[in-house]
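Data first, discussion second: the structure below is written as structure tokens.
The values are calculated or read from the model by the stated rules, or taken from the named source; none is laboratory data. Since we're looking at a predicted model, the values are computed, not measured. Cβ coordinates were reconstructed from backbone atoms using ideal geometry, including for glycine residues, and neighbour counts include every protein chain displayed. Heavy atoms of the whole protein, side chains included, go into the accessibility calculation; ligands, DNA and RNA do not. Shrake-Rupley method; radii C 1.70, N 1.55, O 1.52, S 1.80 Å.
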Amino acid sequence: FQSEGAAMSRYAAGRSARQKGNGSIERVNAMLEEKLDSGLEYEALQLFKGQAARKAAKGDLEAAAKLAETGAEALIKRGYVDSASELTNQLIEIYKDGNCPVTEERLDTIKRLDGLYIDIREGRCHFKGKGSEAGLIQAGKLQTRFLKSAIAWSIEVGTRQHGDPLINFLLGRCLFSQGNYEGGAARVVSAERPKELVEFISDSMKSLDSIPLEIAKEQLFCLSLLHFLSLGNLRDANRSLKMWGERYPSSGSNGLLKFCKLLCLTCEYDAAPMFKSLADSLRGINDQSVDKHIAQIGKLYFGIKPPPSMLDGILGMLGMT
């Protein structure tokens with residue numbers, strides 16, 4: 001009975017602490033709304049930043065993160081994107097400093113905050129700050145910084161070399177919407193989303209001055225397929241190739257697409273001599289991204305070491321390798 005009584009006491013104490021923490025957040029939130037109603041954006045920001053920092057310093061990371069999240073959500077809904085971004089970045093710093101693991105709940109929080117940035121950029125929330133065009137560009141940059149910071153946290157505390165797939169997808173979508181197609185495609189590949197990759201390249205890319213749009217789309221798709229293979233993801237390389245063929249049936253006659261199909265078959269059937277022939281056919285393209293992916297594919301699937309760079313040669317002569 002004594003042990004049961006002690007356990008009940010501990011449960012009651014923990015419940016009381018959680019209720020107290022929730023009450024504290026509710027009080028701060030009420031103060032925030034009051035300040036925002038009075039147009040005191042800076043004071044509202046400092047209130048939440050200070051409270052979150054104090055909770056984190058005391059080791060109450062859950063309450064600290066909740067304060068940062070709640071404040072960011074309230075500010076961004078009012079259109080104060082710059083101030084909200086200070087709190088979204090503070091939230092990720094709390095996760096990092098506390099070595100907080102990647103959980104579904106934390107991913108849901110990041111996804112929800114990302115959605116609020118999208119609401120601002122697509123006009124569902126009224127933006128306050130710079131002129132409309134400059135403000136929307138700034139909102140996109142702040143959204144990108146938030147997601148990149150979140151990926152860095154997921155790499156730091158997780159087991160995936162390129163970060164959590166969901167956050168990579170959110171960043172890829174964000175970059176595509178800002179016209180950074182190559183950067184966006186790389187993130188969608190890291191997210192292991194072949195369907196969305198094909199959709200984004202097909203539907204989101206706008207015309208480029210230097211090259212016809214359809215050719216630019218095919219080139220980016222082929223570069224992304226090489227990226228899938230360089231990550232050892234033959235499954236999604238094949239899936240994306242199939243989806244691309246269904247969307248663009250006539251593209252099979254394109255030399256670049258033929259090359260990608262042959263490369264996938266070469267990796268699937270461990271045909272090293274064929275890979276060397278395909279790699280040799282790319283000599284003279286002078287594209288660092290392609291060279292990097294081909295070198296990694298050769299190493300990963302066929303154990304072919306890339307040729308040493310000039311720097312490697314110099315370091316070798318100096319006995320530094």
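Worth a mention:
- With the simple spin-label model, which puts each label point 7 Å out from Cα in the Cβ direction, the GLU182 to SER250 separation comes to 2.8 nm.
- Across region 256-271, coupling constants 3J(HN,Hα) worked out from phi with the 6.51/-1.76/1.60 Karplus curve, θ = phi - 60°, read 5, 5, 4, 4, 5, 4, 4, 5, 4, 5, 4, 5, 5, 9, 6, 9 Hz, and Gly and Pro carry x.
- Surrounding net charge for LEU107, when Lys and Arg each add one and Asp and Glu each subtract one, Cβ distance under 14 Å: -2
- Annotation: extensible slack from GLU199 through ARG160 equals 11.6 nm (criterion: 0.36 nm per residue apart, minus Cα-Cα distance).
- Given LYS77/LYS111; LYS242/LYS276; LYS242/LYS299; LYS111/LYS242, the pairs whose alpha carbons are separated by over 19 Å: LYS242/LYS276; LYS242/LYS299; LYS111/LYS242
- Here CYS100 and ARG27 are evaluated by their C-beta separation; at R0 = 35 Å the FRET efficiency comes out at 0.90.
- Relative protection proxy for 136-145, 295-304, from highest mean packing down: 136-145, 295-304 (other beta-carbon atoms within 10 angstrom).
- Using the Karplus relation 6.51 cos²θ - 1.76 cosθ + 1.60 with θ = phi - 60°, the per-residue 3J(HN,Hα) values for region 154-159 come to 5, 6, 5, 9, x, 10 Hz, with x marking Gly and Pro.
- In order through region 115-123: 3J(HN,Hα) via Karplus (6.51 cos²θ - 1.76 cosθ + 1.60), integer Hz, x for Gly, Pro: x, 6, 4, 5, 4, 5, 5, 9, x
- Full extension of the chain segment joining GLU62 with ARG112 gains 16.3 nm, where the gain is 0.36 nm per residue of separation less the Cα-Cα distance.
- Taking region 193-281 and dividing mean pair separation by its residue count, relative contact order in percent (alpha carbons under 8 Å, at least six apart): 27 percent
- Packing-based ranking, highest mean first, of 171-178, 264-271, 230-237 given that Cβ atoms within 10 Å are counted: 171-178, 230-237, 264-271
- Accessible area per residue, Å², region 255-296 with all protein chains present, probe 1.4 Å: 64 Å²
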